[in-house]
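Computed from the coordinates by the stated procedures, all read-outs in this text should not be read as laboratory data. Owing to the predicted nature of the structure, the values given are computational and were not obtained by experimental measurement. So basically every Cβ, Gly included, is an ideal-geometry build from the backbone, and we count neighbours across all protein chains shown.
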Amino acid sequence: MIIKYTAPLRGELSIPGDKSISHRSVMFGALADGTTEVTNFLTGADCLSTISCFRQMGIEIEQKDTHVLIHGKGLHGLKAPSEILDAGNSGTTVRLLSGILAGQNFDSVITGDETIQKRPMKRVMTPLANMGADVTSVRGNGCAPLQIHGKRLHGAHYDSPVASAQVKSCILLAGLYADGITSVTEPAVSRNHSELMLQYFGANVRADMDKESSAVRKAGAESLSEVSGSCPAGTTAAGFTVSIFPEPKLTGQKICVPGDISSAAYFIAAALLVPGSELLLKNVGINPTRDGMLRVCREMGADITLLNEDHSGAEPCADLLVRSSHLKAVEIGGDIIPALIDELPVLAVLAAFADGTTVIKDAAELRVKESDRIAVMAENLNRIGCPVEATKDGMIITGGKPLHGTVIDSHMDHRIALSFAVAALACEGETDIQGAEIVNISYPGFYDDLAGVCR
Ligand code: S3P
């Protein structure tokens, strides 16, 4: 795919449905009684993998483009798959499904493509084992394929060392099948779509969005002073806790999936970078656990206006009006990281064109995504002429110099290909993206949408 500047980005665009919410709509719809109707479903390859796994377990799913009907069979309605479940490239599918599969009365094996078979699964195997589950890595390397011997699970508490919505959601889903309350504490708030959607389907889920009430509840205490008195300093208010009660009756729902802010991110960045752009992105999800990119862009000096703020079910959404802006460097780190984890590659591109030195830290999770996104971003940004130092948990990016198009290796990571399609518009000359078709994982139709607004 060869990309070069043609014209500013103008007009309006509807962004495809949110990937995380689309996955969950199929999973929770399958476990609910009755039919779940989903509109604006993301037809990216990852979400289609989730559909095919549930079809393999006897769930009837009718899909016509972005309209999906899931004929749920209740919490105990899945049947044993006759073949290995294939999650393709989707980490969300493997990790969330592991939690469901661990509590079934049948055995299963789940795996995925070459990339998935290299991604860490111990992060879900450990908390599941804590609940009495029997999940083993077939090759003994902590990665998929995972052999899952379904069992009755125990309610338990888990202190997660990583802020990961996939880990948290896996535990909550296993908690549906446990014999008591299950809870998980994470060091910073990760995306809360599972909590919101499980509540919407009728589950009893409690989430504390501040560390103090989290600590109080975790300790079963009445107040923070009571907790602090009984625990060593600094160990109580150390995270955000979510808990779930087992065996709820989930009921099928109507879900209109908001546009994916992680996909909108590429158009936000492109419109900010290309002079003369003014672009309206319609119906984008702006859940506060996902909107870190908007907050950072504003700090960089971006002109972004939220219009028509509304809700789609429990999920907040809005139209975003983006105008090209002169950007300056920022520091990105701390608790905001989970709220923009998937946007860090495209934020690194913005940093490359911003005045000054941007520091990204506390983002070691980037090393275990679809590629090592710290190494791959540094390699490709260096290739277009931007000085970048990769650190153990981030990058130091010296921005503001004119950059030039060249050959980019996507390492078959969709967010790398998408990020450099944006960079290409602000580079001199042409950019040749190798493995450009990988964008289909999260954004089929991306190149057509881009061509449609460059006018
Ligand atoms: C996701 C959670 C995040 C994110 C991924 C989707 C989800 O992963 O990077 O693209 O749908 O729960 P982690 O949970 O590993 O942070």
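Of note:
- Under conditions of 37 °C and 0.692 mPa s, the stretch 315-455 yields 212 µm² s⁻¹ as its translational diffusion coefficient, taking Rh as the Kirkwood radius over Cα pairs in the Stokes-Einstein equation.
- The helix-based estimate of mean residue ellipticity at 222 nm for the chain, built from -39,500 (n - 2.57) per DSSP H run of four or more residues and divided by its residue count, is -9500 deg cm²/dmol to the nearest 500.
- Solution diffusion estimate, µm²/s, Stokes-Einstein, the stretch 1-83, Kirkwood Rh from C-alpha pairs, 4 °C, viscosity 1.567 mPa s: 91
- Each residue in Arg455, Arg55 was given a count of other beta-carbon atoms within 10 angstrom of its own, and listing them fewest first yields Arg455, Arg55.
- Over 27 Å (Cα to Cα) - which of Lys282/Lys361; Lys151/Lys369; Lys118/Lys168; Lys4/Lys401; Lys64/Lys168; Lys19/Lys249 fall in this group: Lys282/Lys361; Lys151/Lys369; Lys64/Lys168
- Remark: the stretch 382-455 projects, on average over all directions, an area of 5.6 nm² (convex hull of Cα atoms).
- Bins of 10 Å from zero: percent of alpha-carbon pairs in the chain: 5, 21, 31, 26, 14, 3, 0
- Highest-first arrangement of 191-200, 130-139, where packing means the average Cβ count within 10 Å: 191-200, 130-139
- Annotation note: GluC sites (Glu not before Pro) in the stretch 54-94 located in DSSP loop regions with a Cβ neighbour count of at most 14 within 10 Å are Glu83.
- Taking the Cα centre of the chain as reference, the dipole from Cβ charges on Lys and Arg (+1) and Asp and Glu (-1) amounts to some 560 debye.
- When the trypsin sites (Lys or Arg not before Pro) in the stretch 312-411 are filtered for DSSP coil states and for at most 12 other beta-carbon atoms within 10 Å of their beta-carbon, the remaining sites are Lys392.
- Cα-centred dipole magnitude for the stretch 1-135, charges only on beta-carbon of K, R (+1) and D, E (-1), debye, nearest 20: 460
- Two-decimal Rg to Rh for the stretch 139-181 - Kirkwood Rh, Cα set: 1.00
- Fraction of antiparallel bridges per DSSP, the chain only, in percent to nearest 5: 70
- Viscosity 1.306 mPa s, 10 °C: Kirkwood-radius Stokes-Einstein D of the stretch 67-111 over Cα pairs, µm²/s: 135
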